[in-house]
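Accompanying notes for the structure given below.
The values are calculated or read from the model by the stated rules, or taken from the named source; none is laboratory data. In this text, all values refer to a predicted model and were calculated from it rather than measured experimentally. Methodologically, a virtual Cβ is constructed for each residue, glycine included, from the backbone with ideal geometry; neighbour enumeration extends over all protein chains shown.
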Amino acid sequence: MSSLGETVVRSRRVTAAILILAVVAGITACSSGSDSKAPVTAPAPQADSVGSVEPPASEPTPAPEVPTTEPPTTEPPTTEPPTTVMPTTTTVTPGFQPDAVGTVTVTDPAPVGKGAVVLGTGQPDLAALGYEQSEYFLSGTATAYSSADPLSSDGQWTITPSESADFTTRIVVRRPIDPTAANGRVAVEWFNVTAGFDNAPDWTYTHVEMIRSGWTWVGVSAQAVGINGGGNALGAALALKAADPERYGSLVHPGDSFSYDIFSQAGAAVRTQWRQILGGLEPKSVIAIGESQSAFRLTTYVNAVAPLANVFDGYLLHSRGAAGAALSQEPLEALAPPDPTLIRTDLPVPVLNFLSETDLLGDRLGFVRARQPDSDLVRSWEVPGTAHADAYNLGIGDTDDGSGAGDSALFDAMITPPTSIYGGVISCDRPINAGPHTYVLRAALAALGDWAEDGTLPPATPQVDIDAAGALVLDQFGNATGGIRTPHLDAPIAVLSGSGQSGESFCGLFGVTQPFTAEQIVATYPSHDAFVATWNSSADAAEAAGWILPADAEQLRKVAAASTFG
């Protein structure tokens, strides 16, 4: 290999390592961005569900300056992009109060620097899938919040403004090229910055469903670390100002105490400035999503900030723990939420908690302490056999184009699971989890979309079984019982666990896959037909229950039929 080739490989491995860091302590999977306006292949048109479409405004909107997390920055903006202020219009949705949230100025990044969006590790060819990618800067004035009373476990918090600060952040948008392919639903993801840079794990886990159904996705740099750096040292080179100081030098983040209002203003801009941001695709519903560290932040957002303006039509809190993130932090007053923190029950929009097996009992997670009864507006899905991060979002999902190759790769990972990821950047002591996390999360996103738009309740789900000693209840194979059932556990070819892993870095969050021995396979499935019949019966039941989407259930049947078990 040439020295240049070796350099490229090393560079890719370093990037992957950084992404992995994002997956774990807050914990997050990696997803990457490409050029700021890469075309993408769109899902089949769905005329009945499309919001009104208007051609993009002819004049670019000015881009706001972006705030970063952690240390406040006083750097002056670099080259100013040309700006033209877009008129503000409002998509009417129940409860949204546009006058209660700040208005941002939206601009394109200046045509300087490396000319590419900096985000995560890899992604499928968006253009080949009928999608395009754009990046915008948002500038405005953000508010930090305080509370006169201690934050309570019931989530019924009352907050007041404390300080304000100017910011300029960025958003990344992925949308159907063909307007008739858009379903009018927008997922707004709070970027995870655990690894020291912006990461989009929920895009990685759910993009197959988003693309085939026509969702628009918006990622928000809500926190300072993703812009300024100063977080995990491994990811320092991918913080925006370090990765491309010319392109991102004008971004300004006053600190994470302001992150909640920055996220509100980004969501409001999707609603009111959709002609520019969404290319003329008027949103029917806008859903806030975030995984791990971002879900901790959204837990606090839901309880404290959401009632102020009702910006979002629903919330997907993916892999949160028992508490939320700080409402305010140094150098402002430090206000940490209690453990446990439940979700307030008086919001006018739905909240769906989504928990992997790791999240229930794992270190720094422990969601079981925050379990609360299902209601018409708060529900929880618990998925046994899954890990906080797994073989799908640590590699397979980066380039999954929905063709079925990703499904085959994930099935094969239960037979020959990896012990390391991204070419050995992180190596674990045991094989990494290869469970059904991605499939159930896709179904959760689709169910939340229906719930938010027309009030259709998502399927009620049982909780994962936990005994009196606080341990998981296991079946005869060693898999957890209760919770959302999938063929991966009810027609098992491996023991899939969210715990028991050790090794380098974040391995403790990657769970374990222990493939069945040949003897176990023969004892469990006397023939290939017997395995396929058992697997398909479970897939049929999961599809009927709404826990796996029909398109994914069909792919799972195909990979079972193509296997050689029995």
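Things worth noting here:
- Residues satisfying the stated conditions in segment 316-344, i.e. free of Cβ contacts under 8 Å to residues at least 60 places away in the same chain, under 29 Å from residue 439 (Cα atoms) and in contact with a strand residue (DSSP E or B) (Cβ under 8 Å, 6 or more places away or on another chain): 317, 320
So that you can scan it fast, the table gives a plain yes or no per residue for (1) touching a helix residue (DSSP H, G or I) at 6+ places or on another chain (Cβ under 7 Å); (2) at pLDDT 90 or above:
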{"residue": "80", "(1), (2)": "no, no"}
{"residue": "88", "(1), (2)": "yes, no"}
{"residue": "97", "(1), (2)": "yes, yes"}
{"residue": "118", "(1), (2)": "yes, yes"}
{"residue": "127", "(1), (2)": "no, yes"}
{"residue": "130", "(1), (2)": "yes, yes"}
{"residue": "134", "(1), (2)": "no, yes"}
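- Going through (1) of a type outside the set (Val, Ile, Thr); (2) surrounded by 19 or more Cβ atoms within 10 Å (Cβ to Cβ); (3) at pLDDT 95 or above; (4) farther than 26 Å from residue 159 by Cα one by one, residue 366 falls short only on (2).
- Residue check, residue 140 in a strand (DSSP E or B), farther than 26 Å from residue 347 by Cα and of a type outside the set (Lys, Arg): yes
- Scanning segment 458-475 for residues that are closer than 24 Å to residue 209 by Cα and touching a Lys or Arg at 6+ places or on another chain (Cβ under 8 Å) returns 458, 460, 461.
- Every residue from segment 241-263 that is of a type in the set (S, T, N, Q) and farther than 16 Å from residue 163 by Cα: 250
- Identity of the residue in segment 446-465, touching a residue at least 12 places away in the same chain (Cβ under 8 Å) and farther than 23 Å from residue 541 by Cα, that ends up surrounded by the most Cβ atoms within 10 Å (Cβ to Cβ): 452
Matching residues to (1) surrounded by fewer than 24 Cβ atoms within 10 Å (Cβ to Cβ); (2) among the charged types (D, E, K, R); (3) closer than 30 Å to residue 284 by Cα:
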{"position": "225", "(1), (2), (3)": "no, no, no"}
{"position": "233", "(1), (2), (3)": "yes, no, no"}
{"position": "239", "(1), (2), (3)": "no, no, no"}
{"position": "260", "(1), (2), (3)": "no, no, yes"}
{"position": "264", "(1), (2), (3)": "no, no, yes"}
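- Candidate set: segment 495-514, residues that are over 10 Å from residue 388 (Cβ atoms) and hydrophobic (A, V, I, L, M, F, W, C); chosen: the one surrounded by the fewest Cβ atoms within 10 Å (Cβ to Cβ): 495
- Within segment 160-181, the presence of at least one residue that is in a loop (DSSP other than H, G, I, E, B) and surrounded by fewer than 23 Cβ atoms within 10 Å (Cβ to Cβ) is confirmed.
- Residue selected from segment 357-402 under the condition out of contact with any Phe, Trp or Tyr (no Cβ under 7 Å at 6 or more places or on another chain) and acidic (Asp, Glu), by the criterion farthest from residue 313 (Cα to Cα): 363
- Only one of 255, 280 that is in contact with a helix residue (DSSP H, G or I) (Cβ under 8 Å, 6 or more places away or on another chain), surrounded by fewer than 24 Cβ atoms within 10 Å (Cβ to Cβ) and of a type outside the set (Lys, Arg): 280
- Check on residue 439, within 30 Å of residue 283 (Cα to Cα) and in contact with a Ser or Thr (Cβ under 9 Å, 6 or more places away or on another chain): yes
- Residues (surrounded by fewer than 23 Cβ atoms within 10 Å (Cβ to Cβ) and either more than 21 Å from residue 539 (Cβ to Cβ) or aliphatic (A, V, I, L, M) (or both)) located in segment 477-492: 478, 491
- Members of segment 453-486 that are more than 23 Å from residue 352 (Cα to Cα) and not polar (S, T, N, Q): 467, 468, 469, 470, 471, 473, 474, 475, 477, 478
- Entry remark, segment 485-523: residues being touching a Ser or Thr at 6+ places or on another chain (Cβ under 7 Å), farther than 27 Å from residue 232 by Cα and assigned to a helix (DSSP H, G or I) number 2 in total.
- The number of residues in segment 342-370 being β-branched (Val, Ile, Thr), in a loop (DSSP other than H, G, I, E, B) and under 18 Å from residue 289 (Cα atoms) comes to 2.
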